[in-house]
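FYI, it's all coordinate maths here, none of it is from the lab. This structure is a prediction, so every number in the text was calculated from the model and none was measured. For neighbour counting, all protein chains shown are included, and Cβ atoms are generated from backbone atoms with ideal geometry for every residue, glycine included.
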Amino acid sequence: MKHIPSKTYLTEDEIPKQWYNIQADLPTPIDAPLNGLTHAPAGPPDLTPIFPMELILQEVSQERYIDIPQAVREMYATFRPSPLCRAYQLEKALGTPAHIYYKYEGNNPSGSHKLNSALPQAYYNKAAGMKALSTETGAGQWGTALATACSMFGLDLTVYMVKVSYEQKPYRKSIMQTFGAKVIASPSATTDAGRQMLKEHPESNGSLAMAISEAVEVAAKRDDTNYALGSVLNHVALHQTIIGQEALLQFEKIDEYPDTVIACCGGGSNFAGIAFPFMRERLKEGKKTQFIGVEPAACPSLTKGKFEYDFGDNSGFTPLLKMYTLGHEFAPSGIHAGGLRYHGMSPLVSRLMADGLMEARAVKQREVFEAAVLFAKAEFILPAPESAHAIKVAIDEALRCKETGEEKVILFNLSGHGYFDLSAYEDYNSGKMVDVELAQSDLNKGFDTIPKM
């Protein structure tokens, strides 16, 4: 029997030189974004007030591969390639014949996969002459990544952090501030959108949609400031495909190939990063890989949302995107997986879901942390709450193999560590953590805000 190492590495020379653009291979093209007021197709004039032209071009490109700038590749080399890990100890703990692998994205200054897009976004904005960026963050991984990238490229940064996460995760805030970012709890009194939200909901925990509204408002009002988004949009998904492209090469080195690819789904960048390059192999080469997106039962856009045009933010500043959505005014509960508390899903991921090329599963908070603790004890890495959603379903699939005797190869994206999420683990360990049951009335309230087209 061949020996497969616990970790498969690549050299710096093997870092991909291009990102993969799944738009070139989609059986059904995604629907064009629309102007929020006129409902006409949105073009560059709708986006240039907040994005540099290079990112706008990436957003609409149909080219299969897009070159990674040399300056970005040099920055990538400080933490990439990331290892492909065989979870031997987890397999042993489960007693499964399955081969479980994870791509570990936590070995970088931000502690998550988010730096893969933060670096090129900072690079393109600097090249366009911007002095500053504004953004939102949920659990803090994206804000941390962009603070790191802006520090590297000499840009100022203002981060609107969802209030519940601002309070739950103080050390994420500290890291952002260490890298020079200004961090504001959202909703805040610093923007018109924030003041309106506080007037209507003074005790609001906040949401990613609310924080996006504040960050977009800041960028739109200043000529020297652009907006940067950590998920959802096509160019963000594009940048993250470096994860899956590395994994393809790593599997080739050990002569294995995944039967199942799993990632958590909040806005879609996590899933896109690991899954899109393997999806290309299914679409173009006929591979039979199964793809599973995992979301929290408290914010189930893929499993309970509607595939409709909706705004990406709470106040309707953004263009309308065709996506699975719970309604842009949907206010999710304060679960610990802050990065998954978003009402909508990437149009690219939504298209794959609508076409039946992937499936989605919604899981509850306590079972997610049960899986996270099992993984931590077996593999000696404390996973981020978001990543633990993927771990939960990977364990489910491995246990199914135990029942059937199948030696399936399972790959999931361990997109970050959880060492700044210890308040979540403290809640779980103390028995204080609760599961949130999403009431149909709350869903209906969210659906009522979806624009009538």
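Positive end of the dipole of segment 2-69 (Cβ unit charges, origin at the Cα centre): among Met53, His39, Trp19, the Cα lying farthest that way belongs to Trp19. Seen against the Cα atoms of the chain and their longest principal axis, helix 141-153 is set at about 70 degrees. Count Lys and Arg as plus one, Asp and Glu as minus one, and take only other residues whose Cβ is under 15 Å from that of Tyr166; the net charge is then +1. Rounded to the nearest 20, the size of the Cβ-charge dipole of the chain about its Cα centre is 360 debye, with Lys and Arg at +1 and Asp and Glu at -1.
If R0 is taken as 45 Å, the Cβ-Cβ distance between Thr178 and Lys2 corresponds to a FRET efficiency of 0.50. Distance between the 7 Å Cα→Cβ label points at Tyr419 and Lys452: 5.4 nm. Cross-link check: pairs Lys92/Lys287; Lys114/Lys288; Lys408/Lys445 evaluated at a Cα-Cα cut-off of 31 Å; pairs beyond the cut-off: Lys408/Lys445.
Computed packing ranks the peptides 279-292, 371-384 as 371-384, 279-292, most packed first, by mean other Cβ atoms within 10 Å. Taking each residue as 0.36 nm, the span from Asp31 to Arg222 lengthens on full extension beyond its C-alpha to C-alpha distance by 65.8 nm. The angle between the Cα long axis of helix 269-285 and the main principal axis of the chain comes to about 60°, on a 0 to 90 degree scale. With a Förster radius of 22 Å applied to the C-beta separation of Lys377 and Glu406, the computed FRET efficiency comes to 0.30. Among the listed pairs Lys131/Lys169; Lys103/Lys364; Lys253/Lys364, those with a Cα-Cα distance over 30 Å are Lys253/Lys364. A DSSP coil position with no more than 14 other Cβ atoms inside 10 Å describes the following chymotrypsin sites (Phe, Trp or Tyr not before Pro) in segment 1-104: Tyr9. Between Ala93 and Ala439, the modelled labels are 3.7 nm apart [label points 7 Å from Cα along Cα→Cβ]. The angle separating the long axis of helix 365-379 from the principal Cα axis of greatest extent in the chain is about 50 degrees. Across segment 303-352, the mean sequence separation of Cα contacts (distance under 8 Å, 6 or more residues apart), normalised by length, yields a relative contact order of 33 percent. Farthest towards the positive end of the charge dipole of the chain, among the residues His389, Leu374, Asn314, is the Cα of Leu374, using unit charges on the Cβ of Lys, Arg, Asp and Glu. Taking chymotrypsin sites (Phe, Trp or Tyr not before Pro) across segment 382-434, the ones in a DSSP loop with at most 14 further Cβ atoms lying within 10 angstrom of their Cβ are Tyr419.
Arrange Thr28, Thr303 by Cβ neighbour counts within 10 Å, fewest through most, would you?
Values: Thr28 10, Thr303 16.
Fewest to most other Cβ atoms nearby, the residues stand as Thr28, Thr303.
The simple spin-label model puts a point 7 Å past each Cα toward its Cβ; for Thr11 and Leu57 those points are separated by 3.2 nm.
If we count every other residue with Cβ under 14 angstrom of Val373's Cβ, Lys/Arg +1 and Asp/Glu -1, where does the sum land? It works out to a net charge of -3.
Based on the Cβ-Cβ distance of Thr78 and Lys284, what FRET efficiency does E = 1/(1 + (r/R0)^6) give at R0 = 51 Å, to the nearest 0.05?
Details: r = 32 Å, r/R0 = 0.63.
That gives a FRET efficiency of 0.95.
Secondary-structure-derived ellipticity at 222 nm for the chain, considering helices only, amounts to -12500 deg cm²/dmol, per-run term -39500 (n - 2.57) for DSSP H runs with n ≥ 4. Here the Karplus curve 6.51 cos²θ - 1.76 cosθ + 1.60, taken at θ = phi - 60°, turns the phi angles of segment 320-325 into couplings of 7, 10, 7, 7, 6, 9 Hz, with x standing for Gly and Pro.
Only the Cβ atoms of Lys and Arg (+1) and of Asp and Glu (-1) were treated as charged; on that basis the dipole of segment 12-96 about its Cα centre amounts to roughly 340 debye. Sequence-distant contacts, meaning Cα pairs under 8 Å at least 6 residues apart, place the relative contact order of the chain at 20 percent.
Positive end of the dipole of the chain (Cβ unit charges, origin at the Cα centre): among Ile254, Cys264, Gln440, the Cα lying farthest that way belongs to Ile254. Length gained on full extension, Ala127 to Ala71: 19.0 nm, using 0.36 nm per residue less the C-alpha separation. What the phi angles of segment 235-250 give under the Karplus curve with 6.51, -1.76 and 1.60, with θ = phi - 60°, is a coupling list of 5, 5, 4, 4, 4, 6, 5, 4, 5, x, 5, 4, 4, 4, 5, 5 Hz, glycine and proline written as x.
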